[in-house]
Amino acid sequence: MNLVVQGPSLERADVDFLAQMAKATAIQSISARAYRLTEVTKDAAIASFCEARRIDHAWMPAGRRFADLKLLAMDMDSTLITIECIDELGDLADKKAEIAAITERAMRGELDFPASLRRRVGALAGLEESSLLRVYEERVKLTPGAETLLAACKRHGVKLLLVSGGFTFFTERLKARLGLDYTISNRLEIAHGRLTGQVLGNIVDAEAKAAKFRSVLAELGARKEQSVAIGDGANDLRMMAEAGLSIAFRAKPVVRAQAHCALTWTGLDGVVTLFE
């Protein structure tokens, strides 16, 4: 077992102390702010130490290589991109506080996701269709490190799946722009140039995300250990449970508690660093 530690606040003194705590046989420098400690012994105190110093840590089996992966799946809102698109649409409808509060509770697992989505979309009824493009062009920004992660996937032939309880308007544009392989998301109903407040078809919820993940994994003929799933909200948990490595990215407590590891202070490029 290896211990990977990384983060913008990581200092070499921290690494040396962690190596002593974990009884590491060697310290490998990955970058100025990322290290791999090899052949370690797990110590519960390490998690507390890292939390207090804003250091991301992950226990990784030796020999896990990024090049061996076949599928990487990630959530869209607050994971691949920095915003929650529905909250920003709510801002244009002068209902951001109301909608964002529901989003927060849903991501924490406190509300039924399909019901909460219908409630939020219902609040957008009457919003001009052009607002979707405005949010995409003016507010959608990639999370730091996203381009490095996507480039690594393409370099090693790892297929990319973007899953979202959000909307096809955004996922399909990101798919085309970034060269993603698969997407799944919800379709907003639009009539006469305005949102009707309805979602077309079945809601993409936690089980739909997990089912899509299983379907793509089977299509690729890949094993579970050849996959990674990254998410931040409770509706990502079922999908994350299907993956060989689940990563809670700047996630809600319920997600951090169930994921294999968490990246809270590192960018998405930190996913690549986890592997040898």
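Taken together, the values in this text are just the output of simple stated rules run on the coordinates, not laboratory data. All values reported here derive from a predicted model rather than from experimental measurement. Here Cβ is always computed from backbone atoms with ideal geometry, including for glycine, and neighbour counts include all displayed protein chains.
Just a few scattered comments:
- For residue 168, net neighbour charge (Lys/Arg +1, Asp/Glu -1) across residues whose Cβ lies under 12 Å away: +1
- Cα gyration tensor category, rounded, prolate or oblate, for segment 81-127 with a/c compared to 1.5: oblate
- Estimated FRET transfer efficiency (residue 200, residue 141; beta-carbon r; R0 25 Å; 0.05): 0.35
- Dipole magnitude for segment 1-62: about 80 debye, using +1 per Lys or Arg Cβ and -1 per Asp or Glu Cβ, origin at the Cα centre.
- A simple spin-label model places the labels of residue 64 and residue 211 2.9 nm from each other, with each point 7 Å out along Cα-to-Cβ.
- Per-residue ellipticity at 222 nm, computed for the chain from helices alone with -39500 (n - 2.57) per DSSP H run of at least four residues, works out to -11500 deg cm²/dmol.
- Once the Cα-Cα distance is subtracted from the 0.36 nm per residue extended length, the residue 95 to residue 177 segment shows a gain of 26.6 nm.
- Taking the Cα centre of segment 159-258 as origin and assigning +1 to Lys and Arg Cβ atoms and -1 to Asp and Glu Cβ atoms, the resulting dipole is close to 200 debye.
- Neighbour-count order for 178, 18, fewest beta carbons within 10 angstrom listed first: 178, 18
- Neighbour net charge for residue 218 - beta-carbon separation under 13 angstrom, K R +1, D E -1: +4
- With both labels modelled 7 Å from their Cα along Cα-to-Cβ, the residue 108 to residue 1 distance reads 3.1 nm.
- Positive-end extreme of charge dipole, the chain - chosen from 203, 184, 251 (charges on Cβ): 184
- Residue 16/residue 254 FRET efficiency (R0 30 Å; Cβ-Cβ; nearest 0.05): 0.35
- If R0 equals 25 Å, the separation of the Cβ atoms of residue 27 and residue 52 corresponds to a calculated FRET efficiency of about 0.75.
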